[in-house]
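Novice: Right, I'll just put the structure down here and ask away after.
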Amino acid sequence: MRPKLIKRVLLLSAVIGLPLLAYTLLPFGLPPAERYFEQPPQRTLQPDEIGQMRSVQETYLRLSLRGDDFEYWNTARQDFWKYSIAFAMYGIPSAIIINPEKTDEYKALMDMMIWAMKSKKVWGDFTDRGFGTDPISIQNIMYKGHLNLMYGLYQMSTGDMRYAREYTWLTQQIAEEMRLHHQGIYEGVTCEPNAWFVECNTIGMLSLHIYDRLYATTYTDNEIQWSLDFIMGRMRDDETGLFYRHYQPNHDFVSPDVSGYANAWSVTFLKPFAPGAMEEIYASFKQHLTRELGPYATVNNRIGNNPRPDQVAHGFGMWAAKEFDDPALFGKLRNAIDKYLGFSVHPEHGGLVYNDPDSVMINGGMLAAKLHLGWDVVLNHDWGVEGLPHVVPDVSHMDWTDLLPQRVYALDPTGEGELPRHSAVRPCPNCFWGDYQSQRMKVEAERALERSAKVCVESAGATCGLDELGGDE
């Protein structure tokens with residue numbers, strides 16, 4: 001080949017190849033990070049959020065139609081299902097604020113998420129491993145804290161009271177357990193019997209704080225503050241100020257391990273209680289646990305020996321960046337996960353899914369991090385709930401079986417197990433959606449009965465149905 005021709009070929013290759021290489025390596029086509037930080041009404045759902053939301057809605061609709069089948073969920077990571085479900089839901093109140101015309105749609109989605117969270121397949125790891133006779137009466141804050149926060153966010157953002165009794169019972173269980181340890185060697189609630197984690201306790205704390213806002217109780221000033229004092233006093237590294245990984249109550253021992261995911265998670269969910277301190281810890285988190293390379297960034301798994309990028313820590317880093325109003329870091333983290341994994345259009349429902357075998361688990365949490373407007377915005381939003389504070393429901397005769405099913409409900413070729421009996425509490429044998437009637441339905445029924453009684457009394461010569469009016473023969 002002649003030299004001039006070679007030069008022309010090389011030049012043409014460079015002209016075509018360099019832009020193609022740049023497009024392949026750089027995050028072209030993604031929305032600017034600043035758009036995720038706009039406040040409503042300027043804030044709108046971005047194209048990726050719209051596509052991911054469609055996929056998440058289809059995921060939980062499918063679960064609601066198929067019971068406990070959890071088709072396409074990775075059973076090798078079944079212990080993590082609880083986190084996938086819970087964190088997916090934590091972004092939905094922000095979605096309601098951003099897109100209020102779809103409130104009813106998002107309300108139904110949250111309800112389906114609670115249904116999935118209550119499956120024995122989600123909480124059975126605790127009892128199967130012999131840590132307790134049930135998953136929520138004592139310990140296991142890594143599950144029951146999330147369930148309780150899901151109850152609280154649902155009731156706060158929708159005004160629907162169908163989980164009010166369950167929320168109250170579980171809140172009281174958590175608070176009573178926190179009091180058991182008060183002024184002992186530790187505060188809060190353990191996960192397993194000898195494992196106490198900062199990040200898991202932050203979830204239970206926020207669930208109690210929302211309960212205070214709905215019922216004018218005082219858990220924030222008491223039980224939550226006790227846990228916060230313990231966290232800030234015992235669970236922090238002296239040099240960096242970052243949170244230690246875990247505490248072992250049986251030996252009063254703090255493990256001096258600083259985890260990337262745990263710190264991103266913890267600062268995000270503790271900010272409502274100590275915003276100034278969390279700002280400082282977030283700055284240290286960025287300094288010691290994040291790594292940037294041009295338009296990309298990631299979060300390391302730990303400080304110390306052999307730190308490496310961690311996909312779980314990366315996701316929680318996105319949550320933290322949103323909570324602390326940091327578009328620069330959020331954008332680089334978003335670039336990395338959306339560009340590295342990439343999206344595909346689901347062939348059935350048309351939603352966006354990550355090109356990852358565990359997309360059904362990843363999608364919801366990543367979408368929620370993008371949606372999250374910050375806990376200050378979510379907690380102080382005018383949700384239009386009338387009649388606050390609510391009257392605390394009577395839960396004196398409840399136990400854990402009023403909240404959770406005791407067996408798996410799925411296609412069972414062996415035919416083992418029986419459905420629970422119908423009761424006044426459950427409208428159908430395997431319904432675990434809290435009180436069947438929502439508060440609105442109950443109020444409307446009471447008003448209809450009152451109108452009927454009024455018409456009956458005012459109608460001259462009419463004979464009222466005693467049963468309808470609640471009278472005796």
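Novice: In a shell of Cβ-Cβ distance under 14 Å around Gly184, excluding Gly184 itself, what net charge do Lys and Arg (+1) and Asp and Glu (-1) give?
Specialist: Local charge sum for Gly184: -3.
Novice: A further question follows. Could you tally the net charge around Ala195, taking each other residue with its Cβ under 13 Å from the Cβ of Ala195, Lys/Arg +1 and Asp/Glu -1?
Specialist: Here the count lands on -1.
Novice: How many angstrom separate the Cα center of region 145-189 from the Cα center of region 101-123?
Specialist: Taking the Cα centre of each part, region 145-189 and region 101-123 sit 18 Å apart.
Novice: Moving on to the next point. Given the pairs Lys107/Lys339; Lys121/Lys271; Lys144/Lys370; Lys121/Lys322; Lys271/Lys322, which are separated by over 20 angstrom at their Cα positions? Write out the running numbers ahead of the final one.
Specialist: Working: Lys107/Lys339 31 Å; Lys121/Lys271 32 Å; Lys144/Lys370 25 Å; Lys121/Lys322 31 Å; Lys271/Lys322 12 Å.
Correct reply: Lys107/Lys339; Lys121/Lys271; Lys144/Lys370; Lys121/Lys322.
Novice: Roughly how many percent of the accessible protein surface of region 265-358 is carbon and sulfur, given a 1.4 Å probe and a whole-percent answer?
Specialist: Within region 265-358, the accessible surface is 51 percent carbon and sulfur.
Novice: Next question, about the same structure. With Cβ to Cβ distances under 12 Å as the rule, what net charge do the other residues near Met89 carry (K, R +1; D, E -1)?
Specialist: Summing Lys and Arg as +1 and Asp and Glu as -1 gives +1.
Novice: How would you classify region 175-326 from its alpha-carbon gyration tensor, with a ≥ b ≥ c the square roots of the eigenvalues: rounded for a/c under 1.5, else prolate if a/b is greater than b/c, otherwise oblate?
Specialist: The shape class here is oblate.
Novice: Could you order peptides 142-150, 103-111, 369-377 by the average number of other Cβ atoms within 10 Å of their residues, highest first?
Specialist: My ranking of the peptides, most packed first, is 142-150, 369-377, 103-111.
The values are calculated or read from the model by the stated rules, or taken from the named source; none is laboratory data. Model, not experiment: these values are computed from the prediction. Neighbour counts run over all protein chains shown; Cβ positions are idealised from the backbone, glycine included. These area figures cover heavy atoms from the full protein model, side chains too; ligands, DNA and RNA do not enter into them. Shrake-Rupley method; radii C 1.70, N 1.55, O 1.52, S 1.80 Å.
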